[in-house]
Amino acid sequence: MMAIPDIRHRLRGADAELPRPPFDNKGGGDDGGMEARISVLEAANIETRDRLARIETRLDSVATKADLLNVRAALHQEMNAQTWKLVTFVCGFGTALVAATYFVAKHVY
């Protein structure tokens, strides 16, 4: 509970140098400093738009969960295909060695 007043105090301190309009419960009030406050808000708005544009630009190059799942599925599929290619080669090569050994034993000696 102690953190909320601290935040409010820091936020209020940020614009302490700006004149505050009087509060009169009628929804109005301008002590002549409204233009200065609006110009400060407009300047902050421009900076905020620039920062938001930079963030959005960075987010365009970040992978989403769907992208990562697609990569994971493709990797799994390729590893499975590579494993079966290796198994087929080893079985075929073993069969060829057995056949060569049988040929040499039967016809050469």
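Bear in mind that the values in this text are calculations on the coordinates, not laboratory data. In this text, all values refer to a predicted model and were calculated from it rather than measured experimentally. Quick reminder, even Gly has a Cβ in these numbers, built from the backbone with ideal geometry, and neighbours come from all protein chains shown.
Structure above, values below:
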read-out	value
Label point distance in nm, Glu42-Thr101, each placed 7 Å from Cα along Cα→Cβ	9.0
Where the Cα pairs of segment 64-109 fall when distances are cut into 10 Å bins, in %	24, 24, 18, 15, 11, 6, 1
Spin-label proximity, Lys85 to segment 58-78 - amide N less than 15 Å from point 7 Å beyond Cα toward beta carbon	75-78
